Amino acid sequence: LMSINLYNFIDDKFSDAPHLNKDSFIQAVQVAIRALDEVLDYGYETQPLEANRKCINDWRSVGLGLFGVADALVAMKLKYGTDEANQFVAEVMRLMLIEGLRTSAEVAEVKGPFGRYDWTKTAKSPLLALLKEEAPDVYEQVKAHGLRNGTLLSIAPTGTISLLMGLFSGGCEPLYKISYMRTTHKMEGEHKSFKVYAHSIKDLLDYHEL
């Protein structure tokens, strides 16, 4: 599993024209899919059971996801859950899917598809029908070379990751509070705590010099 911080790909945050840096985002997706596939090989011999290795050979499943989605919406000046916000996230996921499939097909061309790949079954997927309409060039790549990975995307909660990476919002969840109180083991013994702002909220306050 791996997750991309969507907030970091929003250019001109909080301005009159914030936008997704598509080129950088697409590049990140492509690098991430290749890295995840390499991780499967790197850890192959350390798997404790033959069943684990067989699963890798059969499916080569990876899961690329997002975190910082709610923060990205703040940067885009979009209200979470609105039609506008949902349309923006849908476009992000569309890019992730298309570029994930493109990259997996490119790797399959060199290294071969996952063990149980079967074009006759894959071709029946509603996602492939969508791909044929949205990105016919990628569809032809998949048809010609197959897919390296049986799964590509997974939107995990990323609670710990998003916290450690700088207090970003987790997974695709909203901001439940713009700030909250935290403590540490040392401070807990002293009955002390401190206020923490969501990353995008802190940046927004700084942007407006508040």
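The values are calculated or read from the model by the stated rules, or taken from the named source; none is laboratory data. In this text the structure is predicted, and so the values were computed from the model without any measurement. In this analysis, Cβ positions are derived from the backbone assuming ideal geometry, glycine residues included, and neighbour counts consider all displayed protein chains. We work out accessible area using only protein heavy atoms, side chains counted, and drop any ligands, DNA or RNA first. Shrake-Rupley method; radii C 1.70, N 1.55, O 1.52, S 1.80 Å.
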**OP:** Give the residues of the range 147-170 that are over 14 Å from the mean Cα position of the chain (by Cα) and of a type in the set (Val, Ile, Thr), sorted by residue number.
**Re:** Thr160
Subject >> When residues of the range 165-196 are limited to those that are of a type in the set (Asp, Glu) and part of a loop (DSSP other than H, G, I, E, B), the one modelled with the highest pLDDT >> reply: Glu173
**OP:** State whether the residues of the range 103-119 include one that is at pLDDT 95 or above, among the hydrophobic types (A, V, I, L, M, F, W, C), open to solvent by 50 Å² or more (accessible area, probe 1.4 Å) and farther than 18 Å from Ala32 by Cα.
**Re:** yes
**OP:** List every residue pair whose Cβ atoms sit under 9 Å apart, with the two residues 6 or more apart in sequence or on different chains, where the first one lies in the range 160-176 and is without any contact (Cβ under 8 Å) to a residue 60 or more places away in the chain and the second, anywhere, is basic (Lys, Arg).
**Re:** Leu167/Lys202
**OP:** Select from the range 189-204 the residues that are within 10 Å of Ser179 (Cβ to Cβ) and open to solvent by 50 Å² or more (accessible area, probe 1.4 Å) and list them in ascending order.
**Re:** Lys195, Tyr197, Lys202
Original post:
Name the helices (runs of 4 or more DSSP H) wholly within the range 111-153 that hold at least 1 residues that are without any contact (Cβ under 8 Å) to a residue 24 or more places away in the chain and touching a Lys or Arg at 6+ places or on another chain (Cβ under 6 Å)?
Top reply: 136-145
**OP:** Identify all residues within the range 41-70 that are of a type in the set (Gly, Ala, Ser) and either surrounded by fewer than 13 Cβ atoms within 10 Å (Cβ to Cβ) or in a strand (DSSP E or B) (or both); write none if there are none.
**Re:** Gly43, Ala51, Gly65
**OP:** Report yes if some residue within the range 131-142 is surrounded by fewer than 12 Cβ atoms within 10 Å (Cβ to Cβ), under 30 Å from Asp58 (Cα atoms) and of a type in the set (Gly, Ala, Ser); otherwise report no.
**Re:** no
**OP:** Would you point out the residue of the range 5-35, among those that are open to solvent by less than 50 Å² (accessible area, probe 1.4 Å) and without any contact (Cβ under 8 Å) to a residue 60 or more places away in the chain, that is farthest from Leu205 (Cα to Cα)?
**Re:** Ala35
